[in-house]
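Right, one structure below, let's go through it.
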Amino acid sequence: MASASAKKIRPKYLSLPALLFEIRMPVAALVSITHRISGALLLFPFAAWLLFMLDTSLHSEQGFEYVKTKYLGLTLVKLGLLLFIWAFCHHLCAGIRHLFLDVDIGGDLKPARLTGWIVLAAGLVLTAVFGARIWGGGWSSAR
């Protein structure tokens, strides 16, 4: 038995391309990792960015009009908002999934895989719904 394990060649170092393209992770691991990434995105860059936009819009009426018409009309800002919306929607859906797993609901293999795929799909669908509102001009139109 010891000779069989001694003959097995194992890599000493894993490269980034191997981690990204060669090793297939289960969907639960992908959901968990993206949950952490989305949480970090929500905390570090986006919280400061949203506070900047809130401060600018509350400073004066001209600041509000600037944020509403000019700043939110920029393509790069819309893409940033789309990334923020994905991070929020995915983090919310994955957080609900993790809460269910904490109370031992959906922890078996098949339900865990199913809920993992549901979380990934729900995050993308919610992002598409809110993104259509951003790109369609729903926030800049007068009501």
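The values are calculated or read from the model by the stated rules, or taken from the named source; none is laboratory data. Every value quoted in this text rests on a predicted model; they were computed, and no experiment measured them. Here the Cβ positions follow ideal geometry from the backbone for every residue, glycine too, while neighbour counts run over all protein chains shown. These accessible areas exclude ligands, DNA and RNA; they are computed on the full protein's heavy atoms, side chains included. Shrake-Rupley method; radii C 1.70, N 1.55, O 1.52, S 1.80 Å.
Some notes on this structure:
- Subset of segment 101-121 (residues that are closer than 16 Å to A29 by Cα and hydrophobic (A, V, I, L, M, F, W, C)): L101, L109, A112, L114, W117, I118, V119, L120, A121
- Test for R133: is it at pLDDT below 90, exposed (fewer than 14 other Cβ atoms within 10 Å of the Cβ), out of contact with any helix residue (DSSP H, G or I) (no Cβ under 9 Å at 6 or more places or on another chain) and over 25 Å from W49 (Cα atoms): no
- Answer residue from segment 25-56, given it is among the hydroxyl-bearing types (S, T, Y) and within 16 Å of the chain's Cα centre (by Cα) and is least open to solvent (accessible area, probe 1.4 Å) among those: S38
- Options G63, G73, G80; residue that is in contact with a helix residue (DSSP H, G or I) (Cβ under 8 Å, 6 or more places away or on another chain) and over 28 Å from L20 (Cα atoms): G63
- When G106 is tested against (1) free of Cβ contacts under 8 Å to residues at least 24 places away in the same chain; (2) assigned to a helix (DSSP H, G or I); (3) not polar (S, T, N, Q), exactly one condition is not met: (2).
- Boolean, L124 is over 25 Å from V31 (Cβ atoms), open to solvent by 100 Å² or more (accessible area, probe 1.4 Å) and assigned to a helix (DSSP H, G or I): no
- All positions within segment 57-92 that are among the polar types (S, T, N, Q) and open to solvent by 90 Å² or more (accessible area, probe 1.4 Å): Q62
- For segment 16-98, the helices (runs of 4 or more DSSP H) that sit wholly inside it and include 2 or more residues that are touching a residue at least 12 places away in the same chain (Cβ under 8 Å) are 27-43, 45-59.
- Filter pass, L109 being at pLDDT 95 or above, of a type outside the set (F, W, Y) and open to solvent by 100 Å² or more (accessible area, probe 1.4 Å): no
- Comparison of H59, H35, H90 shows that the only residue that is of a type outside the set (G, A, S), more than 25 Å from L126 (Cα to Cα) and at pLDDT 90 or above is H59.
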